[in-house]
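The values are calculated or read from the model by the stated rules, or taken from the named source; none is laboratory data. This is a predicted model, so every value here is computed, not measured. Don't worry about glycine lacking a Cβ; one is built from the backbone with ideal geometry, like all the others, and counts go over all protein chains shown. The protein model used for the area step is the full one, side chains on, heavy atoms only, and it has no ligands, DNA or RNA in it. Shrake-Rupley method; radii C 1.70, N 1.55, O 1.52, S 1.80 Å.
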Amino acid sequence: SQTIHQWPATLVQPVGSPLSLECTVEGTSNPNLYWYRQAAGRGLQLLFYSVGIGQISSEVPQNLSASRPQDRQFILSSKKLLLSDSGFYLCAWSGRGMWNNQPQHFGDGTRLSIL
Amino acid sequence: AQSVAQPEDQVNVAEGNPLTVKCTYSVSGNPYLFWYVQYPNRGLQFLLKYITGDNLVKGSYGFEAEFNKSQTSFHLKKPSALVSDSALYFCAVRSGGSYIPTFGRGTSLIVHP
């Protein structure tokens, strides 16, 4: 069966520090991968998605970046964190159904607090 | 363009009563519709999806959803609510040509004992 791992579960970082969040998927190949941020107000904001190694699409301009160095690995990074980067970060994957009708499967998230 | 509306921020229901969480959508072409549930400090869990076929879709934990094309709705239902169903519920829509689903803002379901 497929599983998705996200770490760390919680992170407290000072303003201006770098960030690296990692997500890996097991039990499938060539997945679509996604990074979301969920603010306290509940809605999901899509940050990045990837349809293949080295292929990253950014949905929102900001000081975050993403990379996909391996087929099932997705990394979210920042060189300098801002207070506004606080939130709950979720990684997700979906399979490549013929008509793109596959659901997404989410990791358990990283709660990031910026001090 | 695609969009989803969940008109209720919160739904309250007594345990044992039926529950409905509403969702309406807008999309070009045929919609792919999804419901997810989120418990506190956890990721979203997939409940069910509508792709084509029977308008009544059955999913996990006794939940079902009814696709209504004329009303562009996809309401989530359960015949008898449990306290453990209390969580945040998200509706999502995706068109056939897109990798990216659009999520609603979520509805908080509270089931009272």
Per the C-alpha gyration tensor (a ≥ b ≥ c, the square roots of its eigenvalues), segment B:10-111 is rounded if a/c is under 1.5, else prolate if a/b beats b/c, else oblate; here it's prolate
Of all DSSP beta bridges having both residues in the protein assembly as shown, the percent classed as antiparallel (nearest 5) is 90
Among A:L83, A:L47, A:V12, the residue whose Cα sits farthest towards the positive end of the charge dipole of chain A (+1 at Cβ of Lys and Arg, -1 at Cβ of Asp and Glu, taken about the Cα centre) is A:L83
Full extension between A:N30 and A:R96 adds, at 0.36 nm per residue less the Cα distance, a length in nm of 23.0 nm
Placing +1 on each Lys and Arg Cβ and -1 on each Asp and Glu Cβ in segment B:5-80, then taking the dipole about the Cα centre, the residue among B:Q6, B:T52, B:V37 whose Cα reaches farthest towards the positive end is B:T52
Note: probe point = Cα of A:Q70 + 7 Å toward Cβ; backbone nitrogen < 15 Å; residues of segment A:18-50 passing the test are A:22-31
With label points set 7 Å from each Cα along the Cα-to-Cβ direction at A:S17 and B:T52, the distance between them in nm comes to 5.1
Lys pairs in the protein assembly as shown with Cα under 29 Å (8 or more apart in sequence, or on separate chains) total 14
The rounded separation in angstrom of the Cα centers of segment A:63-96 and segment B:1-34 is 28
Simple spin-label estimate for B:R42/A:S113, 7 Å along Cα→Cβ, in nm, reads 2.3
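Could you tell me the calculated FRET efficiency between A:Q55 and B:S98, based on Cβ-Cβ distance and R0 = 25 angstrom, to the nearest 0.05? Could the numbers behind the result be given before it?
Working: r = 16 Å, r/R0 = 0.63.
The value I calculate is 0.95.
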So the B/A interface buries, both sides summed and with a 1.4 Å probe, an accessible area in Å² (nearest 100) of 2100
